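Contents: one structure, followed by commentary.
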Amino acid sequence: MIEALPGPLGLFFSALISSTLLPGGSEVLLAWLLTESEYSHWLLWGAATSGNVLGSLLTWGMGYWIAGRYPLRALDKPGQQRARRWLESYGPFGLLLAWLPIIGDPLCLVAGWLRFGFLVSLVMITLGKALRYAVVIGLFG
C-alpha cells in the first residue's frame, strides 16, 4: 500500500525542484511534515537539504557548461547581472545566500558561469541551505 504522506522522498524531490530554475515550496512541505508526520527531524532536514543542494548544483553545472559556449556579456537579465556583481564582489561566500528566493538560482548559475570551484561552491551552498532548513525546523518542529 502506498503511504498517503509524501515523506522524506517527496520532500527531497520538492526541495530539488525548488532549487532549480523552477518554483517550488519545500519549506511549506517540510513544515507540514514536521507537524503531521512522525519522521525524524534529522531525516527531514537531511532530505530537504540534500535535495535543495543537488538542485542548486545542477543549476551551477548548467552555468559551468554554458560558460564556454557564450561570452560572459550574454548574462543580460537584470537578476543575472546583479548576481554577477554580487559574486564578483564577495566571491564564493556570496553562495551562502543561494537559499534566497528569486536571487538564489541566478547566484548558482552565475557562480558556475564564473567557474567558481566545485568544492567551495558545494560547501557554501550547503551551509546556507542547511541553516535555512534548520530555521524552519526550529520554528515548526
Yes/no for Trp65 being aromatic (Phe, Trp, Tyr), more than 22 Å from Ala134 (Cβ to Cβ) and part of a helix (DSSP H, G or I): yes
Applying the selection to the stretch 38-50, what residues are surrounded by fewer than 17 Cβ atoms within 10 Å (Cβ to Cβ) and either in contact with a helix residue (DSSP H, G or I) (Cβ under 8 Å, 6 or more places away or on another chain) or of a type outside the set (S, T, N, Q) (or both)? Glu38, Tyr39, His41, Trp42, Leu43, Gly46
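Here are some residues: Tyr64, Tyr90. Which one is closer than 13 Å to Ser121 by Cα and in contact with a Lys or Arg (Cβ under 7 Å, 6 or more places away or on another chain)?
On the way: Tyr90 fails: in contact with a Lys or Arg (Cβ under 7 Å, 6 or more places away or on another chain).
Matching residue, one of Tyr64, Tyr90: Tyr64.
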Considering only the stretch 69-80, I want to know if a residue exists there that is buried (at least 16 other Cβ atoms within 10 Å of the Cβ) and either of a type outside the set (A, V, I, L, M, F, W, C) or closer than 22 Å to Leu127 by Cβ (or both). yes
Take Val135 and tell me if it is assigned to a helix (DSSP H, G or I), closer than 20 Å to Gly25 by Cβ, in contact (Cβ under 8 Å) with a residue 12 or more places away in the chain and within 16 Å of the chain's Cα centre (by Cα). no
Hey, could you check the stretch 16-52 for residues that are in a helix (DSSP H, G or I) and touching an Asp or Glu at 6+ places or on another chain (Cβ under 9 Å) and say which is modelled with the lowest pLDDT? Ser18
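The values are calculated or read from the model by the stated rules, or taken from the named source; none is laboratory data. No experiment lies behind these values; they were computed from the predicted model shown. With ideal geometry, Cβ positions are generated from the backbone for all residues, glycine too; neighbour counts draw on all protein chains shown.
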